[in-house]
Each structure stands twice: as structure tokens, then as C-alpha cells.
1. Could you grab the pairs with beta carbons closer than 6 Å, sequence gap of 6+ or different chains, first residue in the range 76-103 and closer than 21 Å to residue 62 by Cβ, second one among the charged types (D, E, K, R) and open to solvent by less than 100 Å² (accessible area, probe 1.4 Å)?
2. Looking only at residues that are acidic (Asp, Glu) and over 9 Å from the mean Cα position of the chain (by Cα) in the range 79-130, which one is nearest to residue 32 (Cα to Cα)?
3. Quick check on residue 148: is it closer than 27 Å to residue 43 by Cβ, surrounded by 12 or more Cβ atoms within 10 Å (Cβ to Cβ) and within 14 Å of the chain's Cα centre (by Cα)?
4. What is the one condition in (1) open to solvent by 40 Å² or more (accessible area, probe 1.4 Å); (2) in contact (Cβ under 8 Å) with a residue 40 or more places away in the chain; (3) under 16 Å from residue 27 (Cβ atoms) that residue 106 does not satisfy?
5. When you go through 96, 113, 88, 123 one by one, which is the residue that is touching a strand residue (DSSP E or B) at 6+ places or on another chain (Cβ under 8 Å) and either open to solvent by less than 60 Å² (accessible area, probe 1.4 Å) or on the phi > 0 side of the Ramachandran plot (or both)?
6. Which one of the conditions (1) more than 14 Å from the chain's Cα centre (by Cα); (2) farther than 27 Å from residue 12 by Cα does residue 66 fail to meet, given that it meets all the rest?
7. Pairs please, first residue from the range 12-25 and within 15 Å of residue 137 (Cα to Cα) and in a strand (DSSP E or B), second anywhere and open to solvent by 20 Å² or more (accessible area, probe 1.4 Å) and small (Gly, Ala, Ser), Cβ atoms under 6 Å, 6+ apart in sequence or on different chains.
Amino acid sequence: MVQRQTTYSPKQSDITRHWYVVDAADVPLGRLASRLAPILAGKHKPTYAPHLDGGDFVVVINAARVAVSSAGSQSKIYYRHSGYPGGLKEESFDSLIKRRPEAVIERAVRGMLPKTRLGRRMLRKLKVYAGPDHPHGAQSPEVLDLEIRKAGS
């Protein structure tokens, strides 16, 4: 008797989500974002499927203390457009980190996720806070050590 092999395809009901907390203090921005994007997409799980959102929730604290080189903090420019003629706005990294420190990490991670409806769903599982406090204690998130060499060490 010949045994038949079938490809396993997970269903939405098979997905279990965990909560993780990450401290962004003194961690390089690009390295942080490149470690968070696969976790949000679920690529670290054996049940990963590219057509499903199987990722976990990630809470990032101390976003205001994320590390960027001195040259990067002066040369990095964020652009947005209002949709009207002449509506291109630009803002430097230094001014954005002072005004909305959460946006810096959100934009870096968003650039590493798919540019589809699925990518937008994955991004909703990212929770970023400027300081060390967050309101997700009831979910009892695990501390996630990303093994990233801190800036200056």
C-alpha cells in the first residue's frame, strides 16, 4: 500500500498568537525593524504560510531612545504628501523623534512588511510606546531578547 503525502496548509483556527515585549533603548533602528518584521509575519513559526497572518503581537517600549548614528539622525528625511499640488512635506529624523517617537519605529517596520492588505493586518499587531510603560500587562507578554548588539557596545 502506497502512503500518500500531502502538503500541510494551516487554517486561521490553527494559529496561536503570543505577546512579546521588546526594549528599543540603544538598539539600532534598522536592526530592530529587521528582527520585528518576521515576528509580525509569523516566519519564526513552523505553521508559517505566506497567505495567512500567523504572526505574534509585539510591544515595543522606549521608542524615544532608539539608536541612529549621528550622521543618520541629521540626513534621514521622512516624506509625506497631502495629495494636493505642492503638498510634499518633509521632516528630519530629529524633529520626528521629538514629535512622535512611535512613528519612527512604525515606519521602519512597515517598510519591511508586504505592501498589501495582509501587510496592513500584520502592522496592526505592532504596539509602540515612547516610554517604558505600556497598557498590555493583562496579556502577560514575554520579554523578547532579539540578540542585537546595542549601539556603543
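1. Close Cβ pairs satisfying both conditions: 78/91; 93/76.
2. Keep residues of the range 79-130 that are acidic (Asp, Glu), which gives 90-91, 94, 102, 106.
Now restrict to residues that are over 9 Å from the mean Cα position of the chain (by Cα): 90-91, 94, 102.
Numbers: 90: 24, 91: 22, 94: 18, 102: 13 Å.
The residue in question is 102.
3. no
4. (2)
5. The conditions single out 96.
6. (1)
7. Filtered contacts from the range 12-25: no entries.
The values are calculated or read from the model by the stated rules, or taken from the named source; none is laboratory data. Remember, it's a predicted structure, so these values are computed and weren't measured experimentally. In this analysis, Cβ positions are derived from the backbone assuming ideal geometry, glycine residues included, and neighbour counts consider all displayed protein chains. Note: accessible area is taken over every heavy atom of the protein model, side chains too, but ligands, DNA and RNA are not part of it. Shrake-Rupley method; radii C 1.70, N 1.55, O 1.52, S 1.80 Å.
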